[in-house]
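Each remark here refers to the structure printed beneath this line.
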Amino acid sequence: MVVGLTGGIGSGKTYVAEIFKSLGVPVYIADIEAKKLMHTNAEVKKAISLLFGKEAYKEGLLNRKFISNQVFKHKSLLEQLNAIVHPAVAKHFDEWYSSQNFDFVIKESAILFETGGDKKCDKTVLVMAPEEIRIERVMNRDQITENEVRARIKNQWDDEKKKKLADYIIDNIDTYYVKKQVNKLFLTLKNDFI
């Protein structure tokens, strides 16, 4: 069983994924794997270089700051970049998934619903937190301004839209409560598999 885990930037979905991992659940973090593929997959690197030009890579490494600036200025570039990266991540996930032997796996993706990735999941989990908390977390984590965080939030669906599609919701306000919710959900998902 594939359980899709998602949430807006700064919602704490990676923290939730880590709790599942500590319970023995195999976890696939799509964003991390996408970054790896952009550095290591020859086809992906070639396509990104064709799309963004010579500045896309510096000394063989993805020029993330340059790419970020380009995609946040030009939405069509973000769509084209996603069209390169998402199929490569989907293929990589399928290969990873086929080697797992737990009752279920977690596929963590920031834009699970936006990309239609939820349709390839048996269940979906949405992690939510108040926007002000999310903004503060991302500012501290990424050392960026409030306006930069808000610009990223604008590129994602709002929680109300995602709530309608999610099978389960985890409210991430304090760590104790989150762990309690994840442990309960873990047992529910284990029982669903049986």
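The values are calculated or read from the model by the stated rules, or taken from the named source; none is laboratory data. Keep in mind that this is a model prediction, so the values were computed, not measured. Counting neighbours? That spans all protein chains shown, and the Cβs are built from the backbone with ideal geometry, glycine included.
Observations
- Put simply, of I153, I144, I173 the only residue that is closer than 23 Å to K75 by Cα and not in a helix (DSSP H, G or I) is I144.
- Scanning region 83-106 for residues that are assigned to a helix (DSSP H, G or I) and under 15 Å from the mean Cα position of the chain (by Cα) returns V85, H86, P87, A88, V89, A90, H92, F93.
- Flag for K164 being more than 21 Å from the chain's Cα centre (by Cα), without any contact (Cβ under 8 Å) to a residue 12 or more places away in the chain and under 30 Å from D103 (Cα atoms): no
- Of all residues in region 119-168, those being surrounded by 20 or more Cβ atoms within 10 Å (Cβ to Cβ) and of a type in the set (S, T, Y) number 1.
- Breaking point among (1) over 25 Å from Q80 (Cβ atoms); (2) in contact (Cβ under 8 Å) with a residue 24 or more places away in the chain; (3) surrounded by fewer than 17 Cβ atoms within 10 Å (Cβ to Cβ), for E114: (1)
- Positions within region 175-194 being under 15 Å from K21 (Cα atoms) and either in contact with a strand residue (DSSP E or B) (Cβ under 8 Å, 6 or more places away or on another chain) or touching a residue at least 40 places away in the same chain (Cβ under 8 Å) (or both), in sequence order: V178, K179, Q181, V182, N183, L185, F186, L189, K190
- Residue among I135, I67 that alone is in contact with a helix residue (DSSP H, G or I) (Cβ under 9 Å, 6 or more places away or on another chain) and either farther than 25 Å from V16 by Cα or not assigned by TED's automatic domain parsing to the domain that holds I19 (or both): I67
- Test for K45: is it surrounded by fewer than 12 Cβ atoms within 10 Å (Cβ to Cβ) and without any contact (Cβ under 8 Å) to a residue 24 or more places away in the chain: no
- Residue count for region 98-110, restricted to those that are under 28 Å from A83 (Cβ atoms) and crowded, with 18+ Cβ neighbours inside 10 Å: 6
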